[in-house]
Amino acid sequence: MANETNENNTTGTATRTVAAYAAPRPDAPLEKTTITRRAVGEHDIVIDIKYSGICHSDLHQVGEDWGTGIFPMVPGHEIAGVVSEIGPGVTRWKVGDRVGVGCFVDSCRECDNCQAGLQQYCTGGAVFTYNGTGRDGLPTYGGYSAELVVDEAYALGIPDSLPLDAAAPLLCAGITLYSPLAHWGAGPGKKVAIVGLGGLGHMGVKLAHAMGAEVTVLSQSLRKREDGLGLGADDYRATSDPATFTDLAGRFDLIVNTVSADLDLSAYIGLLRTDGTLVQVGMPEKPVTLHPFPLAIGRRSLAGSMIGGLPETQEMLDFCGEHGIAAEIELIRADQVNEAFRRLADGDVRFRFVIDASTI
């Protein structure tokens, strides 16, 4: 469907009618529709979306697992495309540039975190790419659509060496793992464990391996062992085997937990060496419980991490470009999105679904 430009009768400014897939209400199947994007402002760019990754959080948001949603909801915060139009004041980008947008499209720009390039922790409230409210008071719509209008400062450059379809998941899955790995110093001489080998976990294995760390995958079973080793893991252990927690006790400098299940975190903390850290990036639906004893006896830490700021996300994309790292994907048509949601809920994907936006 060709995008149309209309006159907004209230403000007299042009708006854009864009094809999209949206959930009309909580837990409803997504359906093809049209949405209205804002007019192109002084510092805005228009992105012709080529590909949009499907993140597990899209299921949670549509299902209102994390709170009340804004409907109709257009999910998608793993966006890769090409600049098709720029505002008169744009200096960072030109038409034809390959760009991506991740989990947020604005922030207050004034708080200490924004000033430090940590926009994901904006104390004034980051504006999320979808299921959010922009500073103009209008709801935000995500990447399951044909176009996106975004401030030039919140777009990232995608290296030419990366295919756009496999690069799209880097804008969430990639940076979600890169940020804790970089912050807690994964590298030569460090032993890192990645819990779970899904959309997030497989990126963790690739990135930690490229950083030079010794990488172990901790998964419920050995079903994906060959996949894990092929992605760069040095070892692969089943957490359903009690011997795993005995054999690996006190081994790791860093554990990154990517799963959203209710795990016995105390058992995983026991795998840390003195001063080791367990970082939680998976988001369970219900609170988890933890006894402090395993933390205290080894001066171990439990931490959290959420995506990355704009500078770090660009750093991650450049790192991936230099090392040839991208997601393992299954490319789908837009009309397969509900089937993809069902399969993702069942864990039936290797390892990230990506929508071909040309089919919207």
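Quick note: the coordinates plus some simple rules give every number you see, no bench work behind them. Because the structure is a prediction, the values reported are computed rather than measured. So basically every Cβ, Gly included, is an ideal-geometry build from the backbone, and we count neighbours across all protein chains shown.
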| Considering segment 173-304, what Rg and Dmax in Å follow from its alpha-carbon atoms? | 13.2, 36
| field | Local electrostatic count at G276 - Lys and Arg +1, Asp and Glu -1, tallied over other residues with Cβ under 14 Å | value | +3
| Highest-first arrangement of 165-173, 186-194, 78-86, 246-254, where packing means the average Cβ count within 10 Å | 165-173, 78-86, 186-194, 246-254
| note | Its Cα gyration tensor gives the chain an equivalent ellipsoid whose semi-axes in whole Å, largest first, are 36, 21, 19
| field | Within straight-line cross-link reach of K191, aspartates and glutamates at Cα separation under 16 Å, skipping those fewer than 8 residues along the same chain | value | E214, D234, D235, D247, D253, D275
| Cα-based Rg and Dmax for segment 234-333, where Dmax is the largest Cα-Cα distance (Å) | 16.3, 51
| query | What percent do you get for the relative contact order of segment 173-304 when only Cα pairs under 8 Å and 6+ apart count? | reply | 21 percent
| query | When the chain is modelled as a GNM with alpha-carbon springs shorter than 10 Å, which of V90, V217, V127 fluctuates the most? | reply | V90
| request: Have a look at the DSSP beta bridges in the chain and tell me what percent are antiparallel, nearest 5. | output: 60 percent
